[in-house]
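Visitor: Please read through the structure below; I'll follow up with questions.
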Amino acid sequence: ESSAANYSYLGWDIGDGIVYEYRNEIDGYAIVDTYPDLEEVVIPDKYLGKRVLQMDYGVFQNNHNLKKITFNKYISEVNFNTFQNCVSLEEVVFNGNIKSIDQEAFSGCTALEKVTAKGSIDLIRWHAFYGCSALEKVTCKNIKSVGAAAFEGCEKLTEIPSVKTIQS
């Protein structure tokens, strides 16, 4: 069970099953937790009039109900373990440019079939999509760099967009 219901005493805000924390250093909100029963999430561009700019490590980790996540145009990094073992996740949509998809961000998402990036992706790190055995398609304008074994265990993936650098 998520501890999201206990966060009000910290001054964090909860909207549509997502727990937000305002951060002065970015003059915007970060997603710090989520309710475990969420099935489809569209991250809003703004919350309470300020941009939603970050997601903390592991905020969706082990959510077995999540089927689709749509990012806003402002979040540019997917941190370590953010979606790890979301075994029902089928689709990911990025609406902005992505600087980095970190290690194991989507590892173990065994139902993930499709990743769509409407902008570019600078870096997909080591094991970012490890074990995504249903992944068939990654659609993106441009991927600059992919870490070794980023797509290891993705047996159905036959093609990814042109990549400038493959890291060892």
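Visitor: Expressed as a whole percent, how much of the Cα-Cα distance distribution for the range 28-167 exceeds 19 Å?
Guide: The proportion of pairs with Cα distances above 19 Å equals 44 percent.
Visitor: Grab the beta carbon distance between Glu21 and Lys156, set R0 = 45 Å, and tell me the FRET efficiency rounded to 0.05.
Guide: 0.75
Visitor: Using alpha carbon coordinates only, what is the Rg to Rh ratio of the range 40-121, with Rh defined as the Kirkwood radius?
Guide: Ratio of gyration radius to Kirkwood radius for the range 40-121: 0.94.
Visitor: Step by step: find N for the range 95-163, compute 2.2 N^0.38 Å, then divide the Cα radius of gyration by it. What's the final number?
Guide: Normalised by 2.2 N^0.38 Å, the Cα Rg of the range 95-163 equals 0.97.
We did not get these values from a lab; they are worked out from the coordinates using the rules stated. Bear in mind that the values here come from a model prediction, so they are computed numbers and not experimental data. Positions of Cβ are backbone-derived with ideal geometry, glycine not excepted, and every protein chain shown enters the neighbour counts.
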